[in-house]
Amino acid sequence: MEETTTYFVVKKRALPDVLLKVVEVNRLLETQQAVSVQEAVERVGISRSSYYKYKEDIFPFHDSAQGTTITLSCRMDDKPGLLSDVLKVVADFGANILTIHQTIPINGIATLSLSIQILDTTSDVSAMVSEIEKRSGVHNVKVLGK
């Protein structure tokens, strides 16, 4: 029976330390701040076996997002100018908005769905999502798909 691959988008705070350390080892190796896997794993404090077990399974979201389309869902207040603020954040990060759909507000809250094309000029996607979440009136932002 063939194993299918399933992907999840998980916030950093939900990840075990070992996975975050694997990402750091990969960064050290890619930026040549460590000359070997052994040196990198010693610097971050994990075993080589842990590194090799997970090295192909975790990577920063923004590194793999370029050239793809992501879909965001935002719950937000029905407040004049808030949609414009959210769209400006996306534009400021250099992403291309493909589709916008906002539901009719119920009890003063609407759901916004954005399809965003990630370009080679797009800044850190994780930072973009964080910036959207910081807007007053935005309740939450979820990455629905990539």
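The values are calculated or read from the model by the stated rules, or taken from the named source; none is laboratory data. Quick caveat: nothing in here was measured; it's all calculated off a predicted structure. Here the Cβ is made from the backbone with ideal geometry for all residues, glycine too, and neighbour counts use every protein chain on show. When the accessible area is computed, the model is the full protein with side chains, heavy atoms only, and any ligands, DNA or RNA have been set aside. Shrake-Rupley method; radii C 1.70, N 1.55, O 1.52, S 1.80 Å.
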- prompt: In this structure, does ALA65 turn out to be over 17 Å from the mean Cα position of the chain (by Cα) and either among the basic types (Lys, Arg) or at pLDDT below 90 (or both)?
  reply: no
- request: Of all residues in region 13-62, count the ones that are assigned to a helix (DSSP H, G or I), within 21 Å of VAL141 (Cα to Cα) and at pLDDT 85 or above.
  value: 2
message: Being acidic (Asp, Glu), within 20 Å of the chain's Cα centre (by Cα), within 24 Å of GLY145 (Cα to Cα) and part of a helix (DSSP H, G or I) is true for just one of ASP120, ASP85. Which residue is that?
response: ASP85
message: Out of the residues in region 83-129 meeting the condition of being in contact with a helix residue (DSSP H, G or I) (Cβ under 8 Å, 6 or more places away or on another chain), open to solvent by less than 70 Å² (accessible area, probe 1.4 Å) and of a type in the set (Val, Ile, Thr), tell me which one is nearest to VAL141 (Cα to Cα).
response: VAL86
message: Condition first: open to solvent by less than 50 Å² (accessible area, probe 1.4 Å) and out of contact with any helix residue (DSSP H, G or I) (no Cβ under 7 Å at 6 or more places or on another chain). Now tell me which residues in region 21-59 satisfy that.
response: VAL23, ASN26, SER36
message: Among the numbered criteria (1) at pLDDT below 90; (2) open to solvent by 70 Å² or more (accessible area, probe 1.4 Å); (3) more than 18 Å from LYS142 (Cα to Cα), which one does PRO80 miss?
response: (1)
